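The values are calculated or read from the model by the stated rules, or taken from the named source; none is laboratory data. These figures come from a predicted structure and were not determined experimentally. Glycine also receives a Cβ, built like all others from the backbone with ideal geometry; neighbour counts cover every protein chain displayed.
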Amino acid sequence: MRSNHKWGKVYLAVVFVILYMPIVYLIYYSFNSGGTMHDFEGVTLDWYKEVLHDTRLWIIVLNTITIALLSSAISTILGVMGALAIYYVKSWRMKQILLMLNNVLIVSPDVIIGASFLILFTMIGIQLGFTSVLLSHIAFSVPIVVLMVLPKLQEMSSTLIDAARDLGANQWDVLTKVVLPYITPGIFAGFFMALTYSLDDFAVTFFVTGNGFSTLSVEIYSRARQGISLSINALSALLFLLTIALVIGYYFISQKSAVSGMGGRRR
Amino acid sequence: MKKLTIFFAAVFGAALLLYYVSLALNRTEGYVGKNTLTVYNWGDYIDPALIKKFEKQTGIKVIYQTFDSNEAMMAKIAQGGATFDVAVPSEYAISKMKEDGLLIPLDHSKLPNLKYINPRFLNLSFDPGNRYSVPYFWGTVGIVYNPGMLGGKKITSWNDLWDPDLRNQILLVDGAREVIGMGLNSLHYSLNDTNKEHLKEAKEKLDRLVPNVKAIVGDEIKMLLANEEAAIGVVWSGDAAEIIAENDKLDYVVPKEGSNLWFDNMVIPKTAKNIEGAHKFINFMLDPKNAAQNAEYVGYSTPNKKALDYMPKEITEDKRFYPDFDSIGNLEVYKNLGKRMLAYYNELFLQFKMHRK
């Protein structure tokens, strides 16, 4: 039994090494003064300096974060409304249909979503740029938020709502004082899920960027096509750090909300 | 509820702040407003110092965007919705864009530097009278090989590639017309051949090459050859120059049966907003000194006759990249074969790619 346990750990370690190896390799060579990805000649921070002095890149970083924040906030609001609507639908059949329509959007390939958005935007005359990227990010994030929030709603006991009604709460009170506080962890989870999806989406964004507006993943792709410059490695390393910071931030927020949620119930 | 309200207010606040900062940055960098010029070019296909110089000279801010295939570029331009003031398609794409009405005619009175272009590269079949396009770079398709890895053997013709000793040694560039063209050339047919019998014959000949082919790859072919992963590669001359600059053990040859002569050209697509600026940019790039600087940076062959005077002799006298047109018999420019024939070429290429060893 005990040795079984050990082998499990070894297996876990191997899997993690395989998963993280490419990223470590990439970051390792971002310090290479040689300029290529095969011979490590010496340690240098030149690539990071090059990245830091690139104003266009910083504009793109700001764009990416702005898009991510705005699209995930808006899609969280829309998604919560959608989840509530699905929750309140009486007919089982209708509920399944709505859920299925929601899930189709999640499993359908990004390329198809991106291409259809490109066609739609050019047809109705929206200039490619900030608006088109924002709209499409909202669109592919909403189903994710719905899927994150719905289980929370379903696990909520309906007696809670009945009790609130008994005690004289109106519709609005029930929503803001009972339902929303209960599903808050789900809302945050949905928000952060949408945020990460938006931050690293490539396929959809690739189609709808234009007029000089670009996001980080698309920019990295087009720079990588131009040949092997290690400033791309440096940029990827910075992006990786940002993702780690986000994950840690999410961890702390979810910890805190779990604790305060318990405190609230006890009172 | 309160927590949610505060959280979302904070998120929206932060987003607005970031948006404002990026707008301000855009403004100080000059990316906003009318005085910009969007150049749509292949990746790493211009000396960035020249863009800076152009911005300084004219006060126009250049937004440089890149594409990786003629097809992707044409799709984005045909789709509309985005501004591109200058684009750099290859010659066969130009005839197609012309047919589809995607190009704006050039005003030659605004391009006085056109006179420096070698007349050999003007008035070609894909754009008579250069109404829509001005040549940017030109080159050939040929063979890069590593004499060291081949035991000193020399490659001079397409047919040398069928040598059974070269098993698993050849990398091919992933282009239907290049590879089928290689088959046609090795049989001494024209690159623009539309006779299906000839094409089938070429494909059958290519199938016999399969044991020698290691892989069919895209841009990474440059890296693979420079790192000596394979001894032979079929590439465009510009890529060859880059590979040789990285690893000087390699050599380039234009096969004696003949090969393709290609051009990349500057055009003004119909999506252009700053047509005045676009002419200025094209004229700027035609200036002999600028063209020379650009050619040295990119490593492709410039069609600018006067620019050659400003470049080192070892480049301009290198017969591999500035060949005597008389010594190489049969350099052909791709013609637009029409949708049907092109689909047939692609079909044959696909069959070749699927052919099992």
Taking B:N227 as meeting all but one of (1) within 14 Å of chain A (Cβ to nearest Cβ); (2) out of contact with any helix residue (DSSP H, G or I) (no Cβ under 7 Å at 6 or more places or on another chain); (3) touching a residue at least 24 places away in the same chain (Cβ under 8 Å), write down the number of the exception. (3)
Please give the number of the condition B:G299 fails out of (1) within 23 Å of B:P119 (Cβ to Cβ); (2) assigned by TED's automatic domain parsing to the domain that holds B:G43. (1)
Going through region A:179-205 in order, the residues found to be within 10 Å of chain B (Cβ to nearest Cβ) and either modelled with pLDDT under 85 or closer than 16 Å to A:L62 by Cα (or both) are A:L195
Quick one: which residue in B:F84, B:F126, B:F137, B:F54 is within 29 Å of B:V235 (Cβ to Cβ), at pLDDT 90 or above and either away from chain A (no Cβ under 14 Å) or in a loop (DSSP other than H, G, I, E, B) (or both)? B:F137
What helices (runs of 4 or more DSSP H) completely inside region A:1-88 contain at least 2 residues that are touching a residue at least 40 places away in the same chain (Cβ under 8 Å) and over 23 Å from the mean Cα position of the chain (by Cα)? A:46-52
Output the residues belonging to region B:320-346 that are modelled with pLDDT of 75 or more and exposed (fewer than 14 other Cβ atoms within 10 Å of the Cβ). B:G338, B:K339, B:R340, B:A343, B:N346
Output the residue which, of all residues in region A:235-248 that are surrounded by 17 or more Cβ atoms within 10 Å (Cβ to Cβ) and under 14 Å from A:P22 (Cα atoms), is modelled with the lowest pLDDT. A:S236
Note on region A:106-137: residues modelled with pLDDT under 85 and either under 19 Å from A:G190 (Cβ atoms) or away from chain B (no Cβ under 13 Å) (or both) are none
Mind telling me which of the residues B:K249, B:K280, B:K256 ends up being at pLDDT 90 or above and either within 20 Å of B:V173 (Cβ to Cβ) or of a type in the set (K, R) (or both)? B:K280
Determine, yes or no, whether A:R93 is within 8 Å of another protein chain (Cβ to nearest Cβ), in a helix (DSSP H, G or I) and either modelled with pLDDT of 90 or more or surrounded by fewer than 20 Cβ atoms within 10 Å (Cβ to Cβ) (or both). no
Qualifying residues in region A:24-54 (those that are surrounded by 13 or more Cβ atoms within 10 Å (Cβ to Cβ) and among the hydroxyl-bearing types (S, T, Y)) - the one nearest to the other protein chains (Cβ to nearest Cβ): A:T36
Residue among B:A72, B:A87, B:A93 that alone is surrounded by fewer than 19 Cβ atoms within 10 Å (Cβ to Cβ) and either within 19 Å of the chain's Cα centre (by Cα) or of a type in the set (S, T, Y) (or both): B:A72
Only one residue in B:L172, B:L199, B:L106, B:L150 is closer than 29 Å to B:A75 by Cα and assigned to a loop (DSSP other than H, G, I, E, B). Which one? B:L106
Do we find a residue being within 11 Å of chain B (Cβ to nearest Cβ), in a loop (DSSP other than H, G, I, E, B) and surrounded by 14 or more Cβ atoms within 10 Å (Cβ to Cβ) anywhere in region A:213-222? yes
Here the residues within region B:226-248 that are within 19 Å of the chain's Cα centre (by Cα) and under 27 Å from B:H188 (Cβ atoms) are B:G233, B:V234, B:V235, B:W236, B:S237, B:G238, B:D239, B:A240
Check off (1) within 30 Å of B:T83 (Cα to Cα); (2) free of Cβ contacts under 8 Å to residues at least 40 places away in the same chain; (3) not assigned by TED's automatic domain parsing to the domain that holds B:E71 for B:K289 and give me the number that stays unchecked. (3)
Kindly evaluate B:D165 against the criterion of being of a type in the set (D, E) and more than 18 Å from the chain's Cα centre (by Cα). yes
Could you say whether any residue in region B:111-118 is within 23 Å of the chain's Cα centre (by Cα), surrounded by fewer than 16 Cβ atoms within 10 Å (Cβ to Cβ), at pLDDT 85 or above and polar (S, T, N, Q)? yes
Sole miss for B:L103 among (1) more than 24 Å from B:G277 (Cα to Cα); (2) in the same structural domain as B:A292 (by TED's automatic domain parsing); (3) crowded, with 18+ Cβ neighbours inside 10 Å is condition (1)
Of B:Y45, B:Y19, B:Y64, which residue is assigned to a helix (DSSP H, G or I), at the interface with chain A (Cβ under 10 Å from one of its Cβ atoms), among the aromatic types (F, W, Y) and surrounded by 13 or more Cβ atoms within 10 Å (Cβ to Cβ)? B:Y19
